[in-house]
Each structure stands twice: as structure tokens, then as C-alpha cells.
Amino acid sequence: MVDSASASDASGSASVRDQSKSPPSCTSQQPPSNVMYMKVPSLIKAVFDKFPVVKYAEAPLPSACIFPAPTEKLGTVFVHAIGDDGIYPQSIRLLTILKLAGVFDKFTTIPSSPHAAPKSGSVPYIFLPCRPKVDSDLLPRTIYPESKAFYRWLNSIAPSFPAFDAAQQNPLLSLVDVRLRDAWVLTLYLYPLNYRSIFIPRLSHAYSQSDRSTSILPQILAYTTSHDAQKLLRRSTGVPRITETTQRSIIANAEEALDALANLLAVSETLYLNGDKPGVLDAAVYGYLWPILSLDFKNMKGDGQAELKAMVTQRKALVDLVKRIHDQVCNL
């Protein structure tokens with residue numbers, strides 16, 4: 001007779017043997033991991049070791065970039081940042097048009113930067129609280145100068161301002177927006193002394209109130225601006241590289257444009273290019289010529305006056321035009 005203790009031991013041993021033969025439980029063990037760890041290539045590791053990722057402390061934006069509280073004004077005008085307004089003809093043109101049209105005070109003006117615009121590099125622009133309706137057509141809320149929507153919208157809010165005649169004035173505007181623009185870009189961004197003494201200080205001024213951790217931003221923007229300037233001139237002139245010959249050609253084209261504008265004033269015997277009242281063309285010319293006359297532009301070597309500045313000062317009719325517009329704008 002087998003006692004109860006022996007039977008219990010035998011059953012326990014059998015139970016253990018049965019468990020050892022049974023397959024492992026899916027709930028008792030974790031499944032093998034499918035994650036594979038790839039070794040970082042030595043070249044990439046060397047780069048990250050040399051330029052480690054550093055998280056800087058939060059830095060305040062320049063005070064000029066803070067969006068104002070909502071107002072009762074018609075909309076918001078975004079122009080180039082404070083300190084840059086004197087070297088951006090497009091912003092000068094837009095502000096001049098709004099002042100000449102008598103609607104400048106109806107808008108809030110905010111200094112901005114090209115990288116913060118809805119479209120890259122699209123400063124200046126106007127942002128309206130709602131889509132304006134002109135002649136039963138809904139225009140976009142974001143309006144860019146020199147667009148058809150801009151001129152239609154401007155005539156709707158400032159009917160007394162001279163209407164823009166595209167057929168008559170577009171050929172003249174092309175002299176400004178292509179030939180004068182190219183000479184301006186060449187003189188400001190590709191002449192080393194002007195780039196260092198005029199452009200860089202004004203760019204840095206917009207960030208002068210920021211934390212030191214953002215001091216690299218003006219340097220990055222300065223590099224990209226210089227690169228974009230060369231790219232624009234290569235595209236405009238159709239050459240792969242801006243040589244001395246290309247530079248002379250750009251300056252010669254600008255001189256022809258200035259002669260055409262001066263001759264128009266002489267032939268029309270009017271105070272402004274638009275006639276008796278300044279218009280869009282006058283504002284466009286003023287946007288370039290006023291900073292050219294105001295700033296100390298040097299030539300490529302830095303040992304004399306820039307060719308573009310000398311050409312403008314030699315044309316008294318254009319100098320007088322700029323003074324008339326400046327006096328009128330400043331008194332508004």
C-alpha cells in the first residue's frame with residue numbers, strides 16, 4: 001500500500017514533468033524585439049561631434065516684430081524691418097503710394113522680414129481683415145504691390161489718386177523694375193564696401209534688441225541676401241557669372257533708363273512723371289532714387305563715388321523730382 005505522502009510526491013513529479021514537456025506560454029514571456037539598432041556611420045558621427053545640437057535659451061523677438069492689438073483700421077501693411085526701410089525700394093514705394101493717396105493713416109504698419117512673409121521674400125504686402133469687393137469681384141485678403149489686384153483695390157479706396165494706366169506706364173515701370181533695380185542690387189550687395197557699411201548695419205539693427213543667442217541670424221540673412229542678389233542678376237542678364245563686363249553693361253542700362261525718365265520730364269514739362277500729380281511711376285522712381293541720393297554709395301574699389309549715384313546726381317530734373325516727392329510725403 002502506497003501511503004498518501006508518496007502518492008502526493010509522485011503526482012507532483014508527474015506534474016512537473018508534464019509542465020516541462022508543454023510548450024511555453026505566450027502570456028508568460030515577452031516576444032522578441034524586432035527593433036534593429038544601426039550603427040551611426042563614423043563620418044556622420046564626426047560631424048555631429050564637431051557641431052553638436054545645442055538648445056539655446058528663449059530669446060525675445062525684436063520689439064518691432066510684435067503684432068499690435070486689433071484696431072479699427074482698414075488693414076495692416078507689412079514692410080521691411082526697422083532699420084532696413086532705407087535700403088528697400090519696394091517698401092519705400094508702397095509707403096509713398098499710400099501717403100500720396102491720402103490713406104496711409106488708415107493702416108497699421110508693421111516692420112517684417114522676408115522669411116516671415118506668406119511667400120518667401122514677398123515683403124512688402126498688405127493684409128486686409130476680409131476680402132475686398134471691387135466691381136463685384138472679390139479680391140484676395142493678401143495684396144502685393146504691382147499686382148492688378150493692388151491697383152484695383154487702391155482706386156476703390158482712393159479714387160482721387162491718379163489711376164494706373166498699365167498700357168502707358170508698364171514700359172516705363174520696366175525701366176525702374178529691371179534696369180534701375182539691377183544697378184541698385186549690384187551697387188548695394190556686390191560692391192564690398194557698400195555691403196559692409198550700408199547693408200549689414202541696417203540688417204543688424206532689426207535684431208539689436210534681441211538676445212545674444214540670436215546674433216547668428218543676421219549673419220545667415222546677410223549671406224542668403226548676397227547669394228540671392230547674385231542669382232537675381234545672373235537670371236536678369238542671362239550670364240552664368242557676374243564679370244566686370246556684365247557690371248559695366250548693368251550700369252549702362254541703368255544710365256539709359258535714367259535718360260529716358262529725365263527726357264520724359266523735359267518733354268512733358270510737368271512737375272511729375274505722371275503729370276501734374278504724382279502717381280505710381282513717381283513713387284517707383286522715388287523708391288530707388290531717394291536712397292541713392294541719401295546714402296554714401298562707393299564704387300567697386302571703394303575709392304570713389306558709385307557710378308549709379310554719380311549718374312543720378314548729374315540729372316538735375318530727376319534730383320528735383322525726388323525732392324518734390326520727398327517734401328510732399330514728409331508733410332503728409
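The values are calculated or read from the model by the stated rules, or taken from the named source; none is laboratory data. Predicted, not measured: the structure shown is a model, and the values here were computed from it. Here the Cβ positions follow ideal geometry from the backbone for every residue, glycine too, while neighbour counts run over all protein chains shown. These area figures cover heavy atoms from the full protein model, side chains too; ligands, DNA and RNA do not enter into them. Shrake-Rupley method; radii C 1.70, N 1.55, O 1.52, S 1.80 Å.
Structure summary
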{"read-out": "Residue match in the range 288-309 (condition: within 23 Å of residue 166 (Cβ to Cβ), of a type outside the set (Lys, Arg) and at pLDDT 95 or above)", "value": "yes"}
{"read-out": "Residues of the range 83-95 that turn out to be modelled with pLDDT of 85 or more and either within 16 Å of residue 157 (Cβ to Cβ) or open to solvent by 70 Å² or more (accessible area, probe 1.4 Å) (or both), as a count", "value": "2"}
{"read-out": "Count - residues of the range 260-292 that are open to solvent by 50 Å² or more (accessible area, probe 1.4 Å), under 21 Å from residue 151 (Cβ atoms) and aromatic (Phe, Trp, Tyr)", "value": "0"}
{"read-out": "Close pairs from the range 257-275: first under 18 Å from residue 97 (Cβ atoms), partner open to solvent by 20 Å² or more (accessible area, probe 1.4 Å) and among the small types (Gly, Ala, Ser), Cβ under 9 Å, at least 6 apart", "value": "261/317; 275/268"}
{"read-out": "Test set (1) over 25 Å from the mean Cα position of the chain (by Cα); (2) buried (at least 17 other Cβ atoms within 10 Å of the Cβ); (3) more than 29 Å from residue 281 (Cβ to Cβ) - residue 245 fails condition number", "value": "(2)"}
{"read-out": "Close pairs from the range 233-255: first under 22 Å from residue 288 (Cβ atoms) and of a type in the set (A, V, I, L, M, F, W, C), partner open to solvent by less than 40 Å² (accessible area, probe 1.4 Å) and part of a loop (DSSP other than H, G, I, E, B), Cβ under 7 Å, at least 6 apart", "value": "233/242"}
{"read-out": "Residue within the range 111-123 that is in a strand (DSSP E or B), modelled with pLDDT under 90 and either of a type outside the set (Gly, Ala, Ser) or closer than 28 Å to residue 293 by Cβ (or both) present", "value": "yes"}
